[in-house]
Amino acid sequence: MTVLSLVLAVVLYGSLLWTGRQVARDPSDRLLRAVFLCMFSAGLSFPFGLPVVIRLADGFAGDGAAKLLQNLCLLGAVYFLGCFFIHSASDPAVARTRVRWHAVPFAATAVIASAAMAVTPHAERGHTYATADMRVPGVAVFYLSAGAYLTYALAAALFWTVRYARLASRPLTTGLRMVAAALAGMVLASAVRECVTLLRLLGGGVPHPVITGAKLLLDLAIPLFVAGVVYPGLVTRWATIRLWWHHGRVYRRLAPLWEALHLAFPEDALERTGGGRRWDVLSPRSVHRRYYRRVIECRDGLVRISPYLALEAATADVEAPLTPEVAARHLRTALLAYASGEDAPSQAVPVALPGEGERDGSLESDVRQLIRLSEALTAQS
């Protein structure tokens, strides 16, 4: 097994496990189901190319069994790939009808390829495509039938991929373009192999570089296809990880401000959910929930302490916002005044709000001000 094959196997089976988990969560999702079955068929074909599996399969079911099963699995993979596009472009009732019609050439090809393998002499079943004798009728029919269906199914998938790539947005469009390039290479390689098979059937000679070139094109297209399929998911996952890391970091940076306010206003703490499993505390959902809760609790505490802050800062205009640095200088004194029960204006004033050039209406601009206040509070301690 080459390094590339090993990497492809890891990516394929990893994607298969992830997709299977999604299907288990929502079995009614036709698109997910088609993707899972496509990957499952491709994953099932992979072991039949390994020498140890070939020996076991051929020893159990007869010569050529592993080759036949591998090709049937590959045919199944492109069939379910077509089902994915059919379900994407049609309503459920129409899609079910089209999927049934789409199954006709697949089933016919599977029957023809199986029959061709059955009538092929045992001595001719173990050859690879490059060394097979295409003048043997069973061998030629086997490769021609499988190749014809692959060319047809891959060309149909290429058509739909190009169509969707024009309508999609990034990162999906980037992944679809990679898939389209891979499918174009597969269609070209499959078409070349069909022509080569016909020439060899008729007794004509074919330069070896042509066969090698078609195989090389296919070897390059397969990893590109897998990369295009997983690319949108990887980009989305990377964005999720970055957001998870950012929210966790902000949560920790707001700790000094939150601790000071929480000590004064413990009743403002939002209700905590159940503890659950230990590792749930690091899950994206838990990190995001704690981030938003801390931001809200910090802002609520500042609203309540703002009259004391304004009084301590002796602002000339209570409508003017207190900058994070000014608020930090007087926050602890204001908290002590509140704790001692001193009177203060009942009107809340803006504290640590974004400046004129920073107001974009987003939560992030507000959070940046809270971070400035928290860090200024730490620096003054």
Can you confirm whether Val179 is touching a His at 6+ places or on another chain (Cβ under 8 Å), crowded, with 21+ Cβ neighbours inside 10 Å and assigned to a helix (DSSP H, G or I)?
no
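Of everything in the range 85-94, what is in a helix (DSSP H, G or I), surrounded by fewer than 20 Cβ atoms within 10 Å (Cβ to Cβ) and not β-branched (Val, Ile, Thr)? Give them in sequence order.
First, the residues of the range 85-94 that are in a helix (DSSP H, G or I): 85-89, 92-94.
Those still in the list that are surrounded by fewer than 20 Cβ atoms within 10 Å (Cβ to Cβ) too: 88-89, 92-94.
Listed by number, the residues that qualify are Ser88, Ala89, Pro92, Ala93.
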List every residue pair whose Cβ atoms lie under 7 Å apart, where the two residues are 6 or more positions apart in sequence or sit on different chains, the first residue falls within the range 96-124 and is touching a residue at least 24 places away in the same chain (Cβ under 8 Å), and the second residue, located anywhere, is of a type outside the set (Phe, Trp, Tyr) and not in a helix (DSSP H, G or I).
Met117/Gly64; Met117/Arg125; Thr120/Gly64; Thr120/Val136; His122/Asp63
Selection count where residues are part of a helix (DSSP H, G or I), crowded, with 22+ Cβ neighbours inside 10 Å and over 27 Å from the mean Cα position of the chain (by Cα), scope the range 26-84:
4
Evaluate the range 308-316: report whether one residue or more is touching a helix residue (DSSP H, G or I) at 6+ places or on another chain (Cβ under 9 Å), outside any helix (DSSP H, G or I), at pLDDT 85 or above and assigned by TED's automatic domain parsing to the domain that holds Ser374.
no
Across the range 99-144, what is the number of residues that are basic (Lys, Arg), over 30 Å from Arg33 (Cα atoms) and surrounded by fewer than 20 Cβ atoms within 10 Å (Cβ to Cβ)?
1
Could you list, in sequence order, the residues of the range 145-158 that are touching a residue at least 40 places away in the same chain (Cβ under 8 Å), surrounded by fewer than 19 Cβ atoms within 10 Å (Cβ to Cβ) and closer than 17 Å to Arg193 by Cβ?
Ala148, Tyr152
Write out, first by first residue and then by second, each pair whose Cβ atoms fall under 7 Å of each other, whose residues are 6+ apart or on separate chains, and whose first residue, in the range 273-298, is modelled with pLDDT under 85 while the second is part of a helix (DSSP H, G or I).
Asp280/Ser286; Pro284/Thr240; Pro284/Trp244
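Kindly indicate whether Leu172 is at pLDDT below 90 and touching a Pro at 6+ places or on another chain (Cβ under 7 Å).
Answer is yes for this residue.
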Going through the range 16-60 in order, the residues found to be within 20 Å of Phe85 (Cβ to Cβ) and among the basic types (Lys, Arg) are Arg30, Arg33
Is it the case that Val11 is modelled with pLDDT of 85 or more, β-branched (Val, Ile, Thr), part of a helix (DSSP H, G or I) and surrounded by 15 or more Cβ atoms within 10 Å (Cβ to Cβ)?
no
Quick check on my filter: what residues within the range 72-96 are of a type in the set (Ser, Thr, Tyr) and modelled with pLDDT of 90 or more?
Tyr79
Take Ile371 and tell me if it is within 41 Å of the chain's Cα centre (by Cα), on the phi < 0 side of the Ramachandran plot and modelled with pLDDT of 75 or more.
yes
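The values are calculated or read from the model by the stated rules, or taken from the named source; none is laboratory data. These numbers come from a predicted model, not from an experiment. When we count neighbours, we look across all protein chains shown, and the Cβ atoms used for this are built from the backbone with ideal geometry, even at glycine.
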